[in-house]
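**Student:** Mind having a look at this structure? Questions to follow.
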Amino acid sequence: MALFQLLTYSQGYSFDAEEYLHTAHARIGQVEMHAVPQRRVFEIVAQAGCRVLEVLDDAWTGYRCGELSNTFLVHKPVLY
């Protein structure tokens, strides 16, 4: 079982790995939060042989306009 929260949508969000690494020094000591699209979360869970049992909208990132945060409950069956 896994229970985790992610920011799954942020209006206008994009990520460029090269730019991110190039500017890493400017973020030292800062808290970062990146969005992982909900469809991608489902893909990753399935690739790991797991199943999403529940997804709930939450306010863990705050109720900011243009953002969506979800809490996921995931199960991986035990194979004998």
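**Student:** Of PHE72, PHE15, which residue is within 11 Å of the chain's Cα centre (by Cα) and of a type in the set (Phe, Trp, Tyr)? Step through it out loud before you land on a result.
**Tutor:** Working: PHE15 fails: within 11 Å of the chain's Cα centre (by Cα).
Result: PHE72 is the single residue among PHE72, PHE15 that is within 11 Å of the chain's Cα centre (by Cα) and of a type in the set (Phe, Trp, Tyr).
**Student:** If GLN30 passes every condition in (1) loosely packed, with under 10 Cβ neighbours inside 10 Å; (2) under 30 Å from LEU79 (Cα atoms) but one, which one does it miss?
**Tutor:** Result: GLN30 passes all but (2).
**Student:** Something else about it: Write out, first by first residue and then by second, each pair whose Cβ atoms fall under 9 Å of each other, whose residues are 6+ apart or on separate chains, and whose first residue, in the range 56-68, is at negative phi while the second is part of a loop (DSSP other than H, G, I, E, B).
**Tutor:** Once the first residue is at negative phi and sits in the range 56-68, its partners that are part of a loop (DSSP other than H, G, I, E, B) give THR61/MET33; CYS65/GLN11; GLU67/GLN11; GLU67/TYR13; GLU67/ALA35; GLU67/THR61; LEU68/ALA35; LEU68/THR61.
**Student:** If I ask for residues that are surrounded by fewer than 10 Cβ atoms within 10 Å (Cβ to Cβ) and not in a loop (DSSP other than H, G, I, E, B), which ones from the range 1-18 would you list?
**Tutor:** ALA17, GLU18
**Student:** Sort through PHE42, PHE72 and tell me the only one that's without any contact (Cβ under 8 Å) to a residue 12 or more places away in the chain, surrounded by 13 or more Cβ atoms within 10 Å (Cβ to Cβ) and over 15 Å from SER10 (Cβ atoms).
**Tutor:** Details: PHE72 fails: without any contact (Cβ under 8 Å) to a residue 12 or more places away in the chain.
Criteria check complete, one pass: PHE42.
**Student:** Just to be sure, is LEU79 assigned to a helix (DSSP H, G or I) and either aliphatic (A, V, I, L, M) or touching a Cys at 6+ places or on another chain (Cβ under 8 Å) (or both)?
**Tutor:** no
**Student:** Within the set of pairs 6+ apart or on separate chains, which have a first residue in the range 16-36 that is under 22 Å from ASN70 (Cα atoms), a second that is assigned to a loop (DSSP other than H, G, I, E, B), and C-beta atoms under 9 Å apart?
**Tutor:** Once the first residue is under 22 Å from ASN70 (Cα atoms) and sits in the range 16-36, its partners that are assigned to a loop (DSSP other than H, G, I, E, B) give MET33/THR61; HIS34/TYR13; HIS34/PHE15; ALA35/TYR13; ALA35/PHE15.
Read-outs: derived from the displayed coordinates by stated rules, not from any lab. In this text, all values refer to a predicted model and were calculated from it rather than measured experimentally. Counting neighbours? That spans all protein chains shown, and the Cβs are built from the backbone with ideal geometry, glycine included.
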